[in-house]
Amino acid sequence: MTRRVEPRIPAVLAVLAAIGSLLFIVPLVGLLGRVAWSELIDTLTSDVVLEALWLSASTSVVAAALSTVLGVPLAWVLSRSRVPGRSVLRALVTLPMVLPPVVGGAALLFAFGRRGVIGEALDDATGFLLPFSWWGVVVANTFVAMPFLVLTVEAALSNIDRRYEMAAESLGARPLQVFRRVTLPMIRPSLVAGVVLAWARALGEFGATITFNGNLQGRTQTLPLAVFLELEGGDRDAAVAISLVLVVVSLAVLLSLRRNWWPAR
C-alpha cells in the first residue's frame, strides 16, 4: 500500500493562509469573549429572545418547506427542459443571492405592499396585507433562501445517470412516477443539503425582512433583527447571546453538510 505524501506548503502561502484564517477566527473569539456566561441562560430565556426564537424557527421552517415545494420543480425545469429564456430565468432565480438584501426587501414591498403590483389587488379583494405580518416574514425568507435549494438540486439533476429514468419510462412508468420513484431517491443527499441550506439562510435573513416587514417584537422580529435592536440601544448582553446561538446553529449546519462540499481525507 502506497503511503500518501502530503505536499509541502510554501512559506508565503502558509503566511497568507494564516492571515486569511485569522480574518474569520478573530471575530468569533471577540464574540466569545463578550458572552456573559453566568447570565447566558437567563438572557436566552427572556421574553424578547424567546419570541424572536419562535418567530425565526417557525418562519424559517415554513420558508424551507415552500422553497422545497416550489424550488424542486423549478430546478427540474432549469435542468431538463429547453424552454425559451431558460438562462434568463436561471439568472432571475439566483439574483437574490447577489442582490443587496435591502434591495430585495424593497422589491418585495413594491410587489406585495399596500400599493404594490399584487399587494393592492390582494388588499382590495381580501383585506390581507403581507408586509408587517408573519406571512410577510415567510415570503421574505423564501425569496432569499430558495435560490440555494434550486442551485443545489439543479446541479444534482444535471449529474445523475439518466439511464435509470429511461429504464423506468421504457417499463411504462409515467413522467411523474419516474420523478417521484426514481429521480428524487437518486438526488436525496443533494435535496437534503439544499433544504438545510435554505433553512439556514432563512434563519439568518435580515435585510429583506426588516425592509419588507419592519422590526416589530412578537410579530416580525426574528433573531437577527433582535440582535440589531439590542445592539442599537437595548441589552448588549442579549445581542451577544443571540449572536452566539446563530453562530452555533450555522456552524452545526456547515459541519453536517461537509461531505457535500469537501472530500474525505
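FYI, it's all coordinate maths here, none of it is from the lab. Quantities reported herein were computed from a predicted structural model and do not represent experimental measurements. With ideal geometry, Cβ positions are generated from the backbone for all residues, glycine too; neighbour counts draw on all protein chains shown.
Determine whether region 122-139 contains at least one residue that is in contact with a Leu (Cβ under 8 Å, 6 or more places away or on another chain), within 19 Å of Val72 (Cβ to Cβ) and among the charged types (D, E, K, R).
We begin by selecting, within region 122-139, every residue in contact with a Leu (Cβ under 8 Å, 6 or more places away or on another chain); these are 122-123, 128-132, 134, 136-139.
Pick out the ones that are also within 19 Å of Val72 (Cβ to Cβ) and you get 138-139.
Subsequent filtering for residues that are among the charged types (D, E, K, R) retains none.
Looking through region 122-139, none of the residues is in contact with a Leu (Cβ under 8 Å, 6 or more places away or on another chain), within 19 Å of Val72 (Cβ to Cβ) and among the charged types (D, E, K, R).
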- Query: Limited to region 88-98, what total is found for residues that are in contact with a helix residue (DSSP H, G or I) (Cβ under 9 Å, 6 or more places away or on another chain) and surrounded by fewer than 16 Cβ atoms within 10 Å (Cβ to Cβ)?
  - Reply: 3
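If you take the residues of region 119-143 that are surrounded by 20 or more Cβ atoms within 10 Å (Cβ to Cβ) and of a type outside the set (Val, Ile, Thr), which of them is farthest from the chain's Cα centre (by Cα)?
Kept after step one, since they are surrounded by 20 or more Cβ atoms within 10 Å (Cβ to Cβ), are these residues of region 119-143: 119, 130-131, 136-143.
The next check asks that each one be of a type outside the set (Val, Ile, Thr); those that pass are 119, 130-131, 136, 140-141, 143.
On the way: Gly119: 25, Leu130: 20, Pro131: 20, Gly136: 16, Ala140: 11, Asn141: 8, Phe143: 9 Å.
Checked region 119-143; the qualifying residue farthest from the chain's Cα centre (by Cα) is Gly119.
Name every residue in region 127-154 that is in a helix (DSSP H, G or I), more than 20 Å from Thr94 (Cα to Cα) and in contact (Cβ under 8 Å) with a residue 60 or more places away in the chain, in order of residue number.
So the first thing to find is which residues in region 127-154 are in a helix (DSSP H, G or I), and the list is 134-154.
Checking the rest, the ones that are also more than 20 Å from Thr94 (Cα to Cα) come to 134-136.
Trp134, Gly136, listed by residue number.
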- Query: Which residue pairs have Cβ atoms under 7 Å apart, sit 6 or more places apart or on different chains, and have a first residue in region 84-103 that is more than 19 Å from Val72 (Cβ to Cβ) and a second that is in a helix (DSSP H, G or I) and of a type outside the set (Asp, Glu)?
  - Reply: Pro100/Gly207; Pro101/Val144; Pro101/Gly207; Pro101/Ala208; Val102/Gly207; Val102/Thr211
- Item | Filter result for Val83 (assigned to a helix (DSSP H, G or I) and either touching a strand residue (DSSP E or B) at 6+ places or on another chain (Cβ under 7 Å) or exposed (fewer than 15 other Cβ atoms within 10 Å of the Cβ) (or both)) | no
- Note on the structure: Subset of region 64-82, residues more than 18 Å from Leu176 (Cβ to Cβ) and free of Cβ contacts under 8 Å to residues at least 60 places away in the same chain, comes to Ala65, Arg82
- Task: Scan (1) under 20 Å from the mean Cα position of the chain (by Cα); (2) in contact (Cβ under 8 Å) with a residue 24 or more places away in the chain; (3) over 30 Å from Arg219 (Cα atoms) for the single condition Arg188 breaks and write down its number.
- Result: (2)
- Note on the structure: Of the listed residues (Pro73, Pro96), the one being part of a helix (DSSP H, G or I), within 18 Å of Val138 (Cα to Cα) and not aliphatic (A, V, I, L, M) is Pro96
- Residue check for Ala168: more than 15 Å from Ser60 (Cβ to Cβ), hydrophobic (A, V, I, L, M, F, W, C) and out of contact with any Leu (no Cβ under 8 Å at 6 or more places or on another chain): yes
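Listed here are the residues, each with its yes/no results for (1) crowded, with 17+ Cβ neighbours inside 10 Å; (2) among the basic types (Lys, Arg); (3) over 25 Å from the mean Cα position of the chain (by Cα).
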| site | (1), (2), (3) |
| --- | --- |
| Ala11 | no, no, yes |
| Leu16 | no, no, yes |
| Leu40 | no, no, yes |
| Ala52 | yes, no, no |
| Ser58 | no, no, no |
- Query: Residues in region 18-28 that are closer than 20 Å to Leu244 by Cβ and loosely packed, with under 10 Cβ neighbours inside 10 Å: how many?
  - Reply: 2
